[in-house]
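The next block holds one structure in the form of structure tokens; read it before the comments.
The values are calculated or read from the model by the stated rules, or taken from the named source; none is laboratory data. Since this is a predicted model, take the numbers as computed values, not measurements. Here Cβ is always computed from backbone atoms with ideal geometry, including for glycine, and neighbour counts include all displayed protein chains.
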Amino acid sequence: MGHYLTPEQRKEVEEILESKKDQLLRAARQSISEQVNAGEPLPADSIDISTDESLQVTELRLRDREKYLLSKIEKALLRMKTDPEFGYCTECGVEIGYPRLKARPMADLCIDCKEEQEREEKRLPDRRQEEERNSRSFFP
């Protein structure tokens, strides 16, 4: 399989990935610095405590998403350096496409395969709910 991406296009995709990685790492360092320097007093009442806990949970979820994205970026950078078929769908082998890689440089699936994956993910919760209903009928 030949390379459909030119060296310039590959370099541009790599630069986008590196830039996204740097942004995430800067944001993480800033967040840690703010938490260390905050030294906020303890909340005064139960509403303040609840609001504070809710904000902390939201912050942790955001950090988890950023950590997941950073992992995907690292994998894409590694694929670029080691996999001669970078830019091809890992599922069906067709070209992912330069415009898609510019928009989502960590993509490893073509549009069709990604859409199929998302349809399957949407069906899974329905199956789990059906299995739970069926298991309840056996165990009252």
Given the conditions (1) outside any helix (DSSP H, G or I); (2) surrounded by 15 or more Cβ atoms within 10 Å (Cβ to Cβ), which single one is not true for residue 113?
-> (1)
Evaluate the following for residue 108: is it at pLDDT 75 or above and under 16 Å from the mean Cα position of the chain (by Cα)?
-> yes
Single unsatisfied condition, residue 76 versus (1) of a type outside the set (Lys, Arg); (2) at pLDDT 95 or above; (3) loosely packed, with under 12 Cβ neighbours inside 10 Å | (3)
Selected residue (criterion: surrounded by the most Cβ atoms within 10 Å (Cβ to Cβ)) from residues of segment 54-71 that are closer than 15 Å to residue 32 by Cβ and of a type in the set (Lys, Arg) = 63
Could you please find all residues in segment 61-91 being free of Cβ contacts under 8 Å to residues at least 60 places away in the same chain and aromatic (Phe, Trp, Tyr)?
-> 68
Selection status of residue 38, closer than 30 Å to residue 101 by Cα and either at pLDDT below 90 or touching a helix residue (DSSP H, G or I) at 6+ places or on another chain (Cβ under 7 Å) (or both) = no
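Yes/no per residue for (1) closer than 21 Å to residue 118 by Cα; (2) in contact with a Lys or Arg (Cβ under 9 Å, 6 or more places away or on another chain); (3) at pLDDT below 90; (4) in the same structural domain as residue 117 (by TED's automatic domain parsing):
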position	(1), (2), (3), (4)
43	no, no, yes, no
46	no, no, yes, no
55	no, no, yes, no
80	no, yes, no, no
85	no, yes, yes, no
92	yes, no, no, no
Go through segment 96-127 and count every residue that is within 17 Å of residue 12 (Cα to Cα) and of a type outside the set (Gly, Ala, Ser).
-> 10
Hey, residue 75 hits all of (1) assigned to a helix (DSSP H, G or I); (2) under 15 Å from residue 7 (Cα atoms) but one; which does it fall short on?
-> (2)
